[in-house]
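One structure below.
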């Protein structure tokens, strides 16, 4: 029986962690599109519907609170990427997304009475949101794995997350 | 934020070209999460665009018409087309309408579907609603009395596989009776030379949306249910027109119409309608 071929050298060049200020700056820049997507756009649509006398499926306050929570956790997660807090923050951010989606699912179906009262529309969207739940569930799984990895070997992922 | 960078942050520590399995698995989950979000956001965007296009192409009705039909009914028939210019099918599309009069008496119902309207397709749906106009039915007033009817319609569909939709519509529609205010007045018997005649005046307004072209037959029946005399004549009453005509019937000798009744029937295209009888004083 021949001996197994020796493994190729697995030495990586190392890593370089961006400074805290740089990470805060990038996190702040990432907030801009996220703010429009998670808060500004949904609230604008809801306000437009409300101005037309259409009952809202979800309150603007809920959208604002949920959106702010997701933005804050997302930014904190990015800033904390080189630290051991990254895994738990990933879990928390995904968990917040999960709760937000579950809240939206609980509001389905949407019952809309056309102003005047002669017509009504019931629209279900829970199936779509249930599919959307896959994303935070995967996010939670990834966060748990990162937490375990950081607990076992604190520097193991740094060369791959922050290659030199 | 409390900066707790992982203990080693220098580049001179040996590390690995190939990430460990746990890291790869975590990255796989992150990647899948992003892919799912991107796919669903793109999907939602195209659904919104498609739904907007469907809403813009509102249903078109074609050739809706009304006419007398067999079995003492009025048929309201025609068709409507529904376009689906979007990217996704309209599945399980079904539409039901229920008609009642102001008293809540059920008059008729029409149903379409369930069917699938494919993307970028336009489907045509024939509809036929039969309303009873028999003088002996619970809805006899449809024949002789203008009124408002309650229409309740509801439709169901599933759009783009994931979005079930249900629409309910209630409205009041006016009904124009084809023999609105139908009345028969019997005049004073006359005649001479052993022959008795009876003038009978028929009045009504055609408030229906269709012309009445047919034959009106008037029969005078005695109180003993014996036919004293009858006549028939053609009529042609366009929509919205008043009909007011007096016909003179010859009565059988010895047959007294007093206490009897006048029975009027309308025949058109093989369909015969019995109008409400009028008692003779």
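Every number in this text was worked out from the coordinates using simple rules, so none of it is lab data. As the structure is a computational prediction, the values presented were derived from the model and not from experiment. Neighbour counts are summed over all protein chains in view; Cβ atoms, including those assigned to glycine, are modelled from backbone coordinates with ideal geometry.
Annotations for the structure displayed:
- Long-range tail of P(r) for the protein assembly as shown (Cα pairs > 34 Å, %): 60 percent
- Contact order relative to length of the stretch B:180-279, as percent, for alpha carbon pairs under 8 angstrom and 6 or more apart: 30 percent
- Using the alpha carbons alone, the radius of gyration of the stretch B:180-279 stands to its Kirkwood radius in an Rg to Rh ratio of 1.00.
- Average other protein chain Cβ within 10 Å of Cβ, residues B:159-165: 5
- Among B:226, B:202, B:262, residue whose mean-square fluctuation peaks in a GNM of chain B (springs only between Cα atoms under 10 Å): B:226
- Stokes-Einstein D for chain B, Kirkwood Rh over Cα pairs, 25 °C, 0.890 mPa s (µm²/s): 99 µm²/s
- Take the Cβ atoms of residue A:61 and residue B:87, set R0 to 45 Å, and the FRET efficiency comes out at 0.85.
- Largest-first principal axis extents of the Cα set of the stretch B:29-125 (Å): 69, 28, 20
- Working from label points 7 Å from Cα in the Cα-to-Cβ sense, the residue B:279 to residue A:41 distance is 7.5 nm.
- Shielding value for A:127-133 is 4, the average number of Cβ atoms from other chains within 10 Å of each residue's Cβ.
- The stretch A:68-114 versus the stretch A:22-62: alpha-carbon centroid distance in Å: 14 Å
- Distance (nanometres) between label positions extended 7 Å along Cα→Cβ at residue A:134 and residue A:54: 2.8 nm
- Taking only the C-alpha atoms of the stretch A:67-115, Rg followed by Dmax gives 15.4, 54 Å.
- Restricting the calculation to Cα atoms, the stretch A:5-104 yields a radius of gyration followed by a Dmax of 19.2, 73 Å.
- Residue of A:131, A:112, A:89 that the Gaussian network model of chain A assigns the largest fluctuation, springs spanning Cα pairs under 10 Å: A:131
- Each label was represented as a point 7 Å from its Cα along the Cα-to-Cβ direction; for residue B:22 and residue B:256 these points are 11.5 nm apart.
- Other protein chain C-beta atoms within 10 Å of residue C-beta, averaged over B:240-252: 0.
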